[in-house]
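Please treat every number below as a calculation from the coordinates, not as lab data. Computed from a prediction, not measured in an experiment: that's the story for all the values here. So basically every Cβ, Gly included, is an ideal-geometry build from the backbone, and we count neighbours across all protein chains shown.
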Amino acid sequence: MRLKNKKHNWALYMGLVLKLVPFFSLIIFFFIFSDTVEKYINLETNDFSFLGSKEKFIISLFWSALIAPIYEEVIFDGAFLKNKIFKWISYLGLLGFTLYFNRSVYSLLLLILFYVIAYFNKKSGDDRYKTYIILTNAMLFSAVHINFFDFNTLTPISLASRFGGHLLALWLVVNYKLIYAIFLHIFWNTSLILIGLFADNPLSEVKEIESIYYQNNYIHIKYNESPNFQSENVNFTKESNWSLQSTKVETLLKMRFVNSDSILNLYYTNNKRYDFDIQFRRNSDDKGQVLHFLIEDSLLIKK
């Protein structure tokens with residue numbers, strides 16, 4: 001492949017650096033900083049859960065590794081194709097995608113800027129603004145995948161990785177075909193999912209489950225990490241006893257705490273699933289004691 005005959009090679013070089021540096025850093029620090037690896041994978045895959053029931057896992061895998069890459073590339077890359085149908089799908093799809101998934105001021109401004117530059121580029125008739133369209137499109141792609149109101153997910157690595165990845169996709173579209181960009185997206189998402197699987201080793205059932213106990217004068221709790229591919233199940237029929245299986249801490253908070261959003265704004269939670277057996281000794285449904293337990297056992301970590 002002779003790059004000198006290709007257009008906008010700057011997008012290829014910039015995309016490779018911004019996309020591959022975080023990826024190889026991920027591989028290098030795989031066994032050293034497992035929490036960072038998990039966070040990076042969650043950000044790149046929109047926090048798809050790998051450890052729910054087998055049915056949920058298959059649906060998540062099918063969606064993130066196949067469906068999402070196809071419709072995202074069609075919507076974001078269609079404007080760069082000669083086919084007018086794809087162009088209109090892209091222009092209208094970008095508006096719908098942005099309004100549905102991320103209506104932040106940053107995303108809306110980038111969308112408007114993209115439309116303006118695309119208009120002037122069409123009026124020029126010589127693609128003189130093509131570079132700016134590519135940059136704006138890639139920035140919009142990054143922006144709509146980031147929650148600007150949650151500084152826990154607003155990381156330079158995630159922004160750079162998404163921006164670089166979409167530059168690569170656009171370079172493939174401009175110089176080859178849309179299908180190549182789709183294949184790249186599918187390959188990337190599938191690779192991250194496989195890394196997440198092997199990092200947590202969910203392909204084999206947990207043979208020994210270590211239970212952890214927490215108790216005081218008000219509450220008695222037994223909990224452990226859930227076996228792999230166990231379906232989520234909760235039971236609150238008795239106010240003095242909560243029983244939860246394969247449940248995230250975040251889910252527990254949202255189910256039983258009215259002020260869960262305020263709590264989650266103050267504390268980090270991990271992405272693991274747990275089995276909880278919570279028994280109240282005196283006052284039934286003493287949520288304050290549950291919250292104290294989650295903080296004391298580091299299931300909630302102060303931001």
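A few comments on the model shown:
- Estimated D of region 212-302 in µm² per second, where Rh is the Kirkwood radius over Cα pairs and Stokes-Einstein applies at 20 °C, 1.002 mPa s: 162
- Among the listed pairs LYS222/LYS254; LYS254/LYS287; LYS19/LYS122; LYS272/LYS303, those with a Cα-Cα distance over 22 Å are LYS19/LYS122.
- Full extension of the segment from ASN216 to TYR119, taken as 0.36 nm per residue of separation minus the current Cα-Cα distance, would add 28.2 nm.
- Extension gain, LYS302 back to VAL234 (0.36 nm per residue minus Cα-Cα distance, nm): 21.8 nm
- Grouping the Cα pair distances of region 154-194 into 10 Å bins from zero gives a pair-distance distribution of 30, 48, 21, 1 percent in increasing distance order.
- FRET efficiency, 1/(1 + (r/R0)^6) with R0 45 Å, evaluated for SER25 and ARG2 via beta carbons: 0.90
- Exposure proxy shown here: for ILE263, ILE209, the number of other Cβ atoms within 10 Å sets the order, fewest to most, as ILE209, ILE263.
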